[in-house]
Structure formats: C-alpha cells, structure tokens
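The values are calculated or read from the model by the stated rules, or taken from the named source; none is laboratory data. Remember, it's a predicted structure, so these values are computed and weren't measured experimentally. Please note: Cβ atoms are built from the backbone with ideal geometry, for glycine as well, and neighbour counts cover all protein chains shown.
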Amino acid sequence: MAFRINIIPQNITITAQKNELLVDKIQETGINLSVYCNKKGLCGKCLVEIVDGELPPLEEREEFLLEQKNLEKNYRLACLYKIRGDISIKIPEESILQEAFILKTGIRSSIPLDPAVKKYHFRLKKPEISSPASLLEILKLHFKEKNLNIPLDQLKDLGKILEKSKYHVTAVVHKNKEILSIEPLNTLGQNFGICIDIGTTTLVMELLDLNTGKTIDILTEINSQVKYGADVISRISYALSDRKNQDELRDLILQTLNRMIVRLLKKNQIDPSFVYEIVAAGNTSMNHFLLGMPVNTLAAAPYSAVFSCLPELSSHTQEFKISKFGKIYIAPNIKSFVGGDISAGLVAVDLENKKGNFLFIDLGTNGEIVLKKGKKFIATSTAAGPAFEGMNISCGKLALPGAIYKAEYTDKLKTFTIENKPASGICGTGLIDLISIFLEKGEILSKGTIQNNTKRIAVTSSIYITQKDVREVQLAVAAIKTGIKMILKENQVTLEEIDGIFIAGAFGNYLNIKNSKKIGLLPKINEEKIIFIGNSSLAGARALLLSSQARKKIESLVKKIQFISLATKPSFQKYFINALEFQ
C-alpha cells in the first residue's frame, strides 16, 4: 500500500511504501536534505516538522536534540522516521544541505558541505550495576558503528572526561571511521580546518569553519626555501648535495607553516586543539619537501614521484601545531612534476564533469598543462621559471602592496600599483603589460632585443626592465607556448576545437588577455573562452577540506590521467626555439 507525503510550502507530493525512510523519499524529490552523519541519527541536521500524520514516540537521541534546540515535540529526524501512513511535513531552512563556495571569481563553483571531520554532541547513559557496560560500548551504541576506531590515548582519559562533564560530551569523528577526540560538554561550534597552497615562491594559508564552510582568515608568506633557489630544480640539487640539506628544506617549510598557523589562530582567538585537519596542495617537489621524502627519483629520468595518493597522516607525527589528534591530507600528485596543486585545481573547476575539450594551464614556476579531450585527460609540465611571479627580474616583486600589476600607454606610460602604494617593483601581470607595450612601441624587437645602448628601459625613475629580464620572460613564454602547441598536436586537437581555457595562478583577474596574446603567452583564441580562476591550488585544497567526496573523486581521477614528457619528443627543441620570438 502506498502512502502520500506532502511537503509544504514547496507543494510537492510524493508516494512511499510502508517502512521506507522519510529521508530517502525527501532526497528523491531533489531537495538536498542534510545527511551530515550518513543517516545514523547522530547530528540532528535532518529534523523536519510533522504538521499532520503519525508522530512515533521520540527516540532518546531525538528527545535530547529537541531539548537542546528548544523545538516543539512534533519534530522528528527524517533519517529515523519510517513511513507508516499519510503525512504532511515542513522542512526547516537549517535542515537543507549547505553549499560551500570553492571558486568565487572566473567561474563560480560550489560543493555540498561534507567535511571529513564532524562533531557530535551526546548525553550518554551512565553504566548501571545491573548492566555495567564498558565506557567504549556505551559510546559506540550511539554511533551504531561496530568498527569505529578510537585511539588508546582517548580511552585513557574517557572516564575522567565523562565524570567531569556529567556524561555530556562532544565526539570529533574523522570520515565516520575514527573518533579523533572526546571533549567535555558541547563544543560543536568549535570545528576548524586549514587549507594551504604550498607554492614554490609563496605559501597561502586559509582558516575555515568546518561547520559552515566559511573563510575566517587568510595569510600569505614567502616560501623560506627560496634562499636555496627560486625553482624546484635548484632546491632538488641542493637537497641531493647533502642529506642534511633535505632535512633543512623540510624544517624551513614546516617552521614557516607553523609560524603562520600560530599567527592565524592567535589573531582569530582560536585554540589549536579545535583545529582538526590540514589539507595541503603543492607541486610534486614541494609535497616531497613538506613530508621529508627523498627527491632523488625526481632528479633523473623518468622523474617519478615517491607517492601519488596518501592516506591522511597524523598531525602530531608530522609536527604541525594543531590538535595532537588532527589529520594532514596531501592533494595527490598526478605524475612526474604535475603535482597536487594541479589535481586540486582540477577539483576546483570540476573539470571531470565538463562536456567538451578544455585546457587547464597553471602559469606558475613549473608551468603545468592538462588537456581534457572528451573523457580523456592528458597532462604535461614545462619549466616556465619564476618570472611570472616577479622572481629573477631586476625590479621584480611578488604581488604585494606597491607592486606594479598593470600598465597602459596612450600618450605616455601609466602604471598602477597594488593598493595604490608608491611603486616599489613589478609583479608578473605588470611585467607582461610592460613587455607588450615596449614591443608595440618598438623599444623591444620581436626577437627580444632592447633597442638602446643601455639595454634597459625605464618604467619609473627607480624601476626599469633590463635585457636579462626580457630574456627571462621569453623563456617563460616559450615554455608555456611550446607546451600548449605540443599537447594539442600529440592528441590531434586544434585550437578551434577547444571549448575553454582555464588559467590558474596568482594572476587572478589582472592578466591582460590582449597583452598576453601579443607576447604569445596565451593562444590566439576567442577571449570569451579564456577563464581566469586565480589560485586554484588553494581553491582545490579548500574543496578537499570541505568535502570527503571530493577526495574520493580526485584520487580516482589521478589514476586515469595520462602523462607525456615533452622533453623526450624529438620536435621539442624546434618548437621551443621557434617559440622564443614574441608573436
């Protein structure tokens, strides 16, 4: 016999068979009801109001939740409610699954909020003389999970915590498999995570509220490893010259990240014990340095990584200054020098679910390119160098206050600086504009030669571009240009068949498409097809922090991605030499 479920005010009516779960029927309508605890009756996030119809007796968990939330007795958890007659229900706004923004510029993308770390508040029953169940048994009864793991360290303190809190506790659970921590009383509101873009030049750290998916604060610092080389090849060479050097590189980045963590948490008055997970995305080399992994296999052909996908690691073992029970997740490396920053970027733009042919290009120190041809993914990397980040440039500067990020020329040269501060250097986007302007004016020839005796061009009274700077830009542009041409040719795809190009990197929306095309950095394609997505490495790390499903998807995708090594192709040298000319 079928029963009718009327959902108001949506004015949706559906049918259900006896004993079907209300939560399943609601989800079948397309309403994203929150099932935060995977339908185990733990979280209280799928509460619905029963306006008309059967009200089964409140279960202990429901009674506790209604008391805590100060709700009427006609609310029930949809994941526990079995259909036994016609009903009419209302779904509160807070029971609808929240979405977290991943990319807010270029393309807006979001994901359902489903973090790996979740918190549940309980009122546990005290053991009785007639049935002296163990404390662990009592705890597991609430989870309905036989295989739930709990560290011995937690069990040691469990009795003390339960007595102190009068059996009101909050459990911190990781991926519904492991209890990370048992905390006295209600700490549901204190659930934080950190995502990090481990860049070769810069480190960007974002503090997030795992309950809402909202950003609390962001911090940026220079990667302290730069003193041993602006690019990863220099650092790999340094690491291989002496074992202690590799340890030093690991210590440098760890110290910087921990310093950033302390600053972020202190500024926002958050106790480190309430930060339960870090997700980091970096290129292959940076991921190895971060974990203290040997890099010798990256130094010679076939340039293979030690790892691709890793399970979550212990924050305590890895020496990060968050909860000692916390987890560290590293965005998976793809192959060779195409690392976790790119896999994270693919998550951020949800490239796997886009129909057609696309290019994903990261304009960083190690220029990576991914081609999506239908359902097929192909990746490659090309050593662009750090010129686009303002490094190895005479008056170069990171995109910080005072950096020239934009330039125009009408009757005279006009420059624009970040935060309108006095000009103190040139960052990547400004450098591209300036080279383009000087090319058009004839002060630089298409072959890259500066047309004056001093071999430098003044930008302001104290800032200039030298012949060496132009050569750095030529090399960087040629690397990207060659990579794009070769990956398309190798896979029989023409520019006309490309439906869109995603440009990742710190450039954000400041890269001038016209000027980038003029120097050959971007292919001559309809401007509407070029989408700037900013720091997609950080955006992807954010997605991996806020969504357990995103981790499963990217770990599956990286296994399918093919890799081609451009340097081994006989035509590479010819393409690269031709690409050195600005055109």
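Points to keep in mind about this one:
Residues checked against (1) out of contact with any Lys or Arg (no Cβ under 7 Å at 6 or more places or on another chain); (2) of a type in the set (Val, Ile, Thr):
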{"residue": "Ser446", "(1), (2)": "yes, no"}
{"residue": "Thr449", "(1), (2)": "yes, yes"}
{"residue": "Asn453", "(1), (2)": "yes, no"}
{"residue": "Tyr464", "(1), (2)": "no, no"}
{"residue": "Glu472", "(1), (2)": "yes, no"}
{"residue": "Ile480", "(1), (2)": "yes, yes"}
{"residue": "Thr494", "(1), (2)": "yes, yes"}
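- All positions within segment 192-242 that are part of a helix (DSSP H, G or I), over 19 Å from Ala384 (Cβ atoms) and either without any contact (Cβ under 8 Å) to a residue 12 or more places away in the chain or of a type in the set (Ser, Thr, Tyr) (or both): Ser224, Lys227, Tyr228, Tyr238, Ser241
- Looking only at residues of segment 14-51 that are without any contact (Cβ under 8 Å) to a residue 40 or more places away in the chain and not hydroxyl-bearing (Ser, Thr, Tyr), we find that the one that is surrounded by the most Cβ atoms within 10 Å (Cβ to Cβ) is Gly44.
- Output for segment 217-273, where each listed residue is among the small types (Gly, Ala, Ser) and within 14 Å of Leu291 (Cα to Cα): Ala239
- You will find that of Glu60, Glu99, Glu93, the residue that is in contact with a strand residue (DSSP E or B) (Cβ under 8 Å, 6 or more places away or on another chain), surrounded by fewer than 19 Cβ atoms within 10 Å (Cβ to Cβ) and not polar (S, T, N, Q) is Glu99 and no other.
- Here the condition is being in the same structural domain as Thr256 (by TED's automatic domain parsing), buried (at least 20 other Cβ atoms within 10 Å of the Cβ) and over 30 Å from Leu188 (Cβ atoms); of Ile222, Ile236, it holds for Ile236 alone.
- Output for segment 287-296, where each listed residue is surrounded by 14 or more Cβ atoms within 10 Å (Cβ to Cβ) and either aromatic (Phe, Trp, Tyr) or at negative phi (or both): Asn287, His288, Phe289, Leu290, Leu291, Met293, Val295
- For Glu389, the conditions (1) closer than 30 Å to Leu371 by Cα; (2) of a type in the set (D, E, K, R); (3) modelled with pLDDT of 90 or more all hold with the exception of (3).
- Within segment 298-330, being outside any loop (DSSP other than H, G, I, E, B) and closer than 25 Å to Lys119 by Cβ holds for Leu313, Ser314, Lys327, Ile328, Tyr329, Ile330.
- Within the option set Leu359, Leu371, Leu398, being over 20 Å from Phe582 (Cα atoms), outside any strand (DSSP E or B) and either under 22 Å from the mean Cα position of the chain (by Cα) or basic (Lys, Arg) (or both) holds for one residue only, Leu398.
- Of the strands (runs of 3 or more DSSP E) contained entirely in segment 82-191, those carrying at least 2 residues that are among the aliphatic types (A, V, I, L, M) fall at 87-90, 99-103, 168-174, 178-184.
- Residue within segment 17-34 that is outside the structural domain of Thr170 (by TED's automatic domain parsing) and closer than 30 Å to Leu313 by Cα present: yes
- The residue that is nearest to the chain's Cα centre (by Cα), among those in segment 76-90 that are within 18 Å of Glu63 (Cβ to Cβ) and surrounded by fewer than 20 Cβ atoms within 10 Å (Cβ to Cβ), is Leu80.
- Residue count for segment 163-182 under the criterion of being over 30 Å from Gly540 (Cα atoms) and touching a residue at least 60 places away in the same chain (Cβ under 8 Å): the result is 0.
- Meets criteria (polar (S, T, N, Q), over 30 Å from Asn149 (Cα atoms) and either surrounded by fewer than 18 Cβ atoms within 10 Å (Cβ to Cβ) or modelled with pLDDT under 95 (or both)) for Thr365: yes
- On the stretch given as segment 401-449, residues that are buried (at least 23 other Cβ atoms within 10 Å of the Cβ), in contact with a Leu (Cβ under 7 Å, 6 or more places away or on another chain) and in a helix (DSSP H, G or I) total 2.
- A search for C-beta distances below 7 Å between a residue of segment 138-162 that is outside the structural domain of Leu180 (by TED's automatic domain parsing) and any residue that is of a type in the set (Phe, Trp, Tyr) and modelled with pLDDT under 85, counting only pairs 6+ apart in sequence or on different chains, returns nothing.
- For segment 319-340, the set of residues classified as over 14 Å from Gly282 (Cβ atoms) and modelled with pLDDT of 95 or more consists of Glu319, Phe320, Lys321, Ile322, Ser323, Gly326, Lys327, listed by residue number.
- For Glu206: the one exception among (1) in contact with a Ser or Thr (Cβ under 8 Å, 6 or more places away or on another chain); (2) at pLDDT below 90: (2)
- Test for Thr256: is it surrounded by 19 or more Cβ atoms within 10 Å (Cβ to Cβ), outside the structural domain of Ser165 (by TED's automatic domain parsing), under 21 Å from the mean Cα position of the chain (by Cα) and not small (Gly, Ala, Ser): no
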